[in-house]
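Derivation of every value follows stated rules applied to the coordinates shown; laboratory data play no part. Predicted, not measured: the structure shown is a model, and the values here were computed from it. Neighbour counts are summed over all protein chains in view; Cβ atoms, including those assigned to glycine, are modelled from backbone coordinates with ideal geometry.
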Amino acid sequence: MKLVSYKTEDSAHLGLFIDGHIYNLNSCDKLIPDNMSEFLQGGEVLMDRAKKVDTDIKNGGLTAKEEVFYELLAPVPNPTSCRDAYAFRQHVAAARRNRKVDMIPQYDEYPIFYFTNHNSIQGNGEIECMPDHFEKLDFELELAIVIGKKGRNVKAADADSYIAGYMIMNDMSARTLQMEEMVLNLGPAKGKDFCTAIGPWLVTPDELEKYKVPAKEGHVGNAYDLKMTCRVNGIEVSKGNAADMDWTFAEIIERCAYGVDILPGDVIGSGTVGTGCFLELNGTGLFNDANYKAQWLQPGDIVEMEITGLGALTNNITRADTDFSILALKK
């Protein structure tokens, strides 16, 4: 099942995406709320009702009115929180090699994550960036999960049952701001908090069963063979696979939920797939060739991310009409 949030006129709604069409869930079953937040709060009971509607429409047992004029939103427009992890060893190792530092051994001991700005979540469409963001503006190709039920001290062996669905994530990054603040050993903050794009829809775990593969040796939880690509202005710049995650989402959830509640609507990103950002690609290019020409996102660029089974997330990058700069405020 593919769940979408969308807007008609000034109102947001919850729908199903079926064969290229969107159907409002509440109009098909009045017990299903008309927004993603309340729907996720309803847990498995409402999820089962939605799956029945989905099945009935697909089988022709329910005639539903298709939405015609709408704007697609982030699947979870107002997440309760947003964390981002560091699950792909290849990305970490390449980035450290490019900086001529050894791979950090602690990476293999436990999964880590940081909190980013859940109020800056966006979906398909325009991403407006400030002038300072364009000082080495970057994409990050990731997949993400949404938590579907409340939990605390969740063990990795049980954690996959807390996942309501999967989606694509583009963790936008302003590298100059990020690198400045990381020198002070606190962050990332301003380098990350302006936009995280997710979408285009939330895909329930049952749709990914056919892609399931074993987790890496010594790890616990579901893993999936999902091809991941990113194109900028139609040119493929990144290619990876979700099966390369060294830390599973189950293990990441276990750490996230230790001593705290995870809640329906929490978003958790995987971290960047290997080759999944210009920071890594530029570093590798310069590592191999001192004359390599680095690339960063520019106003007018179109970023398209695609993951097997999860669809495609497309964003166009624009520049805010202002000269205001926090980089210029440095003492």
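Taking only Cα atoms, what is the 0 to 90° angle, nearest 10, from helix 89-98's long axis to the longest principal axis of the chain? So the inclination is approximately 20 degrees. What whole-number distance in Å separates the alpha-carbon centres of the range 153-220 and the range 86-115? The range 153-220 and the range 86-115 have Cα centres spaced 15 Å from each other. Using a simple spin-label model with pseudo-atoms 7 Å out from Cα toward Cβ, residue 108 and residue 150 lie 4.0 nm apart.
Sorting 121-134, 186-199 by average packing, meaning the other beta carbons within 10 Å per residue, from highest down gives 186-199, 121-134. In the chain, helices alone account for a calculated mean residue ellipticity at 222 nm of -5500 deg cm²/dmol, with every DSSP H run of four or more residues adding -39,500 (n - 2.57). Helix 43-59 and the longest principal axis of the Cα set of the chain meet at an angle near 70°. To test your reading of the geometry: what angle, between 0 and 90 degrees and rounded to tens, separates the Cα axis of helix 278-288 from the longest principal axis of the chain? Rounded to the nearest ten degrees, it is 40. With the contact rule set at Cα under 8 Å and sequence spacing of 6 or more, what percent relative contact order holds for the chain? Computed over the chain, the figure is 23 percent. Straight-line cross-link reach from residue 190 at under 28 Å between alpha-carbon atoms covers these lysines, not counting any fewer than eight positions away in the same chain: 100, 136, 239, 293, 330, 331. Restriction of the GluC sites (Glu not before Pro) in the range 1-53 to DSSP coil positions whose beta-carbon has at most 12 other beta-carbons within 10 angstrom yields 9. Among residues other than residue 326 whose Cβ falls under 13 Å from its Cβ, what is the net charge (Lys/Arg +1, Asp/Glu -1)? So the environment of residue 326 carries a net charge of -3. Which entries of 52/150; 65/149; 65/210; 52/155 have Cα-Cα distances beyond 25 Å here? Over 25 Å Cα-Cα: 65/149; 65/210; 52/155. The Cβ shell under 12 Å around residue 145 holds other residues with a net charge of -3, Lys and Arg each +1, Asp and Glu each -1. Electrostatic bookkeeping for residue 233 treats Lys and Arg as +1 and Asp and Glu as -1; over the other residues with beta carbon under 12 Å from its beta carbon, the sum is -2.
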